[in-house]
């Protein structure tokens, strides 16, 4: 399974309030810098109001609706947050670029063996703004899956234009051997042909 390229905004509704969450690179980096996966799993499992409110605020670009939604959960009881756990889990996964194979197109790990999502997402920012030439705003707004797919497209384009190392001949005719190699080749040729040389 790979990351879905076109991740639709994740919709959370409660008490007549609706908020759309965008799983962007910016949200992913902010999540990765503040929480570990274990922290997030615990917070979602326990319906931690503070963490869930922070996640909603990171994904939404409508402050008024976000405030109304969070206030609605606070007024009706935080236990109702359990109804939006699947949407929040999908938001976190999309923001971090999680797949079943690997997170965020990178295998960076820290000394404990846990994946360093922040470093992986920063590399994706470098790909977006450097390799792809996107603006910082466009790169921050893209999902990790979109950046990875665009990078694959760039690689395919460059391979179509310039070929790949697999397409190149093993011996480069422009590669001139040094004097020692010439002497060794001549000696091998003399040994093979004997006195005919």
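Counting pairs of alpha carbon atoms under 8 Å apart in space and at least six apart in sequence, what relative contact order in percent does the range 10-155 give?
Values: 185 pairs, mean separation 42.7, N = 146.
The normalised contact order for the range 10-155 reaches 29 percent.
Ranked by Cβ crowding within 10 angstrom, fewest neighbours first, how are 95, 24 ordered? Write out the running numbers ahead of the final one.
Working: 95 30, 24 23.
Going from least to most buried by this count: 24, 95.
With only alpha-carbon atoms in the gyration tensor, what are the semi-axes of the equivalent ellipsoid for the range 10-155, in Å, largest first?
Values: eigenvalues 164, 64, 24 Å².
Taking √(5λ) for each Cα gyration eigenvalue gives 29, 18, 11 Å.
The label point for residue 165 and the one for residue 126, both projected 7 Å from the Cα toward the Cβ, are 1.9 nm apart. For the peptides 40-46, 25-31, residues were scored by their other Cβ atoms within 10 Å and the scores averaged per peptide; the highest-first order is 25-31, 40-46. What length, rounded to one decimal in nm, is gained on full extension from residue 190 through to residue 85, with 0.36 nm per residue of separation minus their alpha-carbon distance? Once the chain is fully extended between residue 190 and residue 85, it gains 30.0 nm. Modelled spin labels at residue 149 and residue 180, positioned 7 Å past Cα toward Cβ, are 5.3 nm from each other.
FYI, it's all coordinate maths here, none of it is from the lab. Bear in mind the structure is a predicted one, so any value in this text is a computation, not a measurement. Cβ: placed from backbone, ideal geometry, glycine included. Neighbour counts: every protein chain shown.
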